[in-house]
Every structure is written in structure tokens, then in C-alpha cells.
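All remarks here apply to the structure that follows.
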Amino acid sequence: MDKRDFLKALGFGVAAYATTASTRTLAAEVRMDSDPKIRRARALEKGDTIGLITPAGALTDEEPITQTKEVFQALGFKVKEGAHIRARYGNLAGTDEQRIADIHQMFADPEVQGIVCVRGGNGASRLLDRIDYNLIARNPKVLLGYSDVTALIMAFYAKTGLVSFHGAVGSSTWTNKLAKAFDEQFIQNKLQRYENPLDKGDSLIPYNDRITTIRPGIVEGRLMGGNMTLISGLCGSEFLPDFKGAILFLEEVDENIDRVDRMFCQLKNAGVLGQIKGFIFGNCTGCKPASGYGSLSFQDLFHDYIKPLGIPAYTGARIGHISNQFILPVGVRARMDADKGTIELLEQALL
């Protein structure tokens, strides 16, 4: 039995067999993992091609594209632009059909090994019911982004088991620290350990990047999460994965606390919070109290929604709309320590 017949017997498509990247793609498809639903892309190599897409908000000028290309060329990669990354339809980066076409193009293109979103914004959820998930499953590739890209990360995992990455977009500020984290995750494929830096500077104690333990403890589970608005908005749909036994991480930006309260309530009522084994809250950048007769605090929300779960939980992780945020693989097993504020990967995110 040749490789084609073997793969057909296993139920895998072989359309990509004849491409230059076929051995990489097929290896990713037939790999046996601790969880058979998990699908991993292969690790990147310098010289690979990174595809750029804008699946959500429109770009206002050329500079984010220029900077993104310079970043990945400096990291040692070739860059390929999606056909519609400069398109615009209202506040969106092109029509739904144009943005879907770029996603499909990059996953189908044998020359592209990794896909980076130039920015987030909004509008990715509009695409989910028309994406070709069989195409994604046949061609597992690295996908990196955050904020509105959470919609794609969740849907790809729910529909195909693909491990995608919640982290910096192309137009983020790429410091040397972030470049090092990218290399360790995507090229070296390390079992990463994430912990806030504790730089006291000239102070007696650290004042920045502090974590707060909601409930102490250590727990292991599958790392799942992203932007709170996107995850709560997918509740009740086929595009939200199962969170049973997961470690849930959340981040948000520019929301009043009353809206964050509503999102926590949605996650509770949808049964998501009742399934998880651990909880991590990153940053809610630009979030503020609601106007009117007063406001709940974040401490109130954690007391009301998280503490009663009786699970290890902490806040303040470097996740969200901030510089040097963690690059977190969604779907792999991890261990969190709510006392120390650490996350450790227990299995590699890539092949």
C-alpha cells in the first residue's frame, strides 16, 4: 500500500500530496496525539514564507503592512501578502467574501507555512459559517493573532482541532523580547513557561506586572481562551469549543465594567465557567467603571463569578492589548500555578 492509499484508508484527503510542502502537511495530519482531536502545524524554519491576512478590521494606511513585512523579514522569513489586505468595506478589511478568500488562499498555498494577522479590529465572526474547514484541516498551519482573531482561533479548534496562537499581530510593537518569544515558540518549539517579569527597577518592590491570586492552587488542563467579547459572543454556536476541564484565559479592551459583568454572566449562563478547571485573567486595557449610580469593580466580578467555582485562579497575566504579551497556543495541555502566576506547557504546540 503506497502513502496515498494509506492516507485514504485513514480518511485523510491527499490533494496536497504532490505539493512541495506535502510531507510536512501529511505528517501534521496523521500524527497521533494524547488527544486525537488535536491537529498541529509543523514548526517554522527560517526561510519559510509567512502569509499576511487582515480577517477583521480595515487598515487605515500602508504603514502597518510595511512594518509587518519588515518585522518578519528581520526574523528571517519571506513574506506573502493576501490579495485583499488593502481592501475596505466600511470598517472591515474588505467584504466577507474577500477576507474569506484570503484565509482560504493562505491555507491552500503550499508555499506558505505560517499565517499572521496584520491587525485585529472586528468582523471575523461574520466569516465563520462560510469558511472551508476541510481545507483548514487538510493544511494545518500556524495562525497568529489576538483580539478579534479569537473568533478564528476558537472556530478552527472547534471544527478541526487546529492549535492556533493567541499573541501579537503583525502591527504590534515587536521588541527584541517578543522576537525571542516568537523564535522559542515557532522555530524551537519549546515547552514554554510564561511568567510576568518582576523588574523592581529602582523601587523596593515591583509595581508593574503584578499578579493577584483569586484562589490558590495548581491545576492542569487544556489551555483555552482569548478575547472575552468574542468568546461570549460565540456562546450557543458550533464555533465555540468544549471547555470541559480547560484552563480559561481572557483579555479585553475598552469596555465598561458593566459590559464585562454582562459577558461574565453570559459565560456562566452558557455553562462555560462551570466546566473549567483553572482561570487566568490578563489585562482589560482601557476598561473603566460605568457611569451613573456607581459601578462594580473587577474585584467584585472575580468574587461573584470566579471565586465560587473553587478552582485555581489569578489575574494580571501579560495577555491582551499590551506590549510583550504572551504567545499562547490554544488547545495544548498546560499547568498553571495561581500562587506564582505561571503557565507551563506540558506538550509541544507544533510538530
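The values are calculated or read from the model by the stated rules, or taken from the named source; none is laboratory data. Predicted, not measured: the structure shown is a model, and the values here were computed from it. Here the Cβ is made from the backbone with ideal geometry for all residues, glycine too, and neighbour counts use every protein chain on show. SASA here: full protein model, heavy atoms, side chains in, ligands and nucleic acids out. Shrake-Rupley method; radii C 1.70, N 1.55, O 1.52, S 1.80 Å.
A single member of ARG138, ARG126 is surrounded by fewer than 23 Cβ atoms within 10 Å (Cβ to Cβ), in contact with an Asp or Glu (Cβ under 6 Å, 6 or more places away or on another chain) and over 20 Å from TYR194 (Cα atoms), and it is ARG126. Using the structure shown, decide if SER237 is open to solvent by less than 20 Å² (accessible area, probe 1.4 Å) and of a type in the set (S, T, N, Q). In short, no. Taking each residue of region 70-98 that is without any contact (Cβ under 8 Å) to a residue 40 or more places away in the chain and looking for partners that are surrounded by 13 or more Cβ atoms within 10 Å (Cβ to Cβ) and aromatic (Phe, Trp, Tyr) with beta-carbon atoms closer than 7 Å, six or more apart or interchain, yields VAL79/PHE72; THR95/TYR89. Counting only residues that are out of contact with any Asp or Glu (no Cβ under 7 Å at 6 or more places or on another chain), assigned to a loop (DSSP other than H, G, I, E, B) and on the phi < 0 side of the Ramachandran plot, which one in region 174-190 is most open to solvent (accessible area, probe 1.4 Å)? If we take residues in region 174-190 being out of contact with any Asp or Glu (no Cβ under 7 Å at 6 or more places or on another chain), assigned to a loop (DSSP other than H, G, I, E, B) and on the phi < 0 side of the Ramachandran plot, then GLN188 is most open to solvent (accessible area, probe 1.4 Å).
A quick yes/no check of all residues on (1) under 17 Å from ILE100 (Cα atoms); (2) more than 13 Å from the chain's Cα centre (by Cα):
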| site | (1), (2) |
| --- | --- |
| LEU127 | yes, yes |
| ASN134 | yes, yes |
| LEU144 | yes, no |
| LEU152 | yes, no |
| ALA155 | yes, no |
| HIS166 | no, no |
| GLN192 | no, yes |
| LYS200 | no, yes |
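One residue is enough: does region 285-304 have a residue meeting the conditions touching a Lys or Arg at 6+ places or on another chain (Cβ under 8 Å), modelled with pLDDT of 95 or more and not acidic (Asp, Glu)? The answer is no, given that none of the residues of region 285-304 is touching a Lys or Arg at 6+ places or on another chain (Cβ under 8 Å), modelled with pLDDT of 95 or more and not acidic (Asp, Glu).
Looking at GLY201, is it assigned to a loop (DSSP other than H, G, I, E, B) and surrounded by fewer than 12 Cβ atoms within 10 Å (Cβ to Cβ)?
It is true that GLY201 is assigned to a loop (DSSP other than H, G, I, E, B) and surrounded by fewer than 12 Cβ atoms within 10 Å (Cβ to Cβ).
On inspection, ASP261 passes the criterion of being open to solvent by 30 Å² or more (accessible area, probe 1.4 Å) and either among the aliphatic types (A, V, I, L, M) or more than 28 Å from VAL163 (Cβ to Cβ) (or both). Quick check: anything in region 144-154 at pLDDT 95 or above, at negative phi and among the aromatic types (Phe, Trp, Tyr)? Checked against the condition, which is being at pLDDT 95 or above, at negative phi and among the aromatic types (Phe, Trp, Tyr), region 144-154 yields at least one hit. Of the listed requirements (1) over 18 Å from the mean Cα position of the chain (by Cα); (2) closer than 19 Å to ARG222 by Cβ; (3) buried (at least 18 other Cβ atoms within 10 Å of the Cβ), ALA270 misses just one: (3). Of the residues making up region 208-233, those that are open to solvent by 10 Å² or more (accessible area, probe 1.4 Å) and either touching a Cys at 6+ places or on another chain (Cβ under 7 Å) or among the hydrophobic types (A, V, I, L, M, F, W, C) (or both) are ILE211, ILE214, ILE218, VAL219, LEU230.
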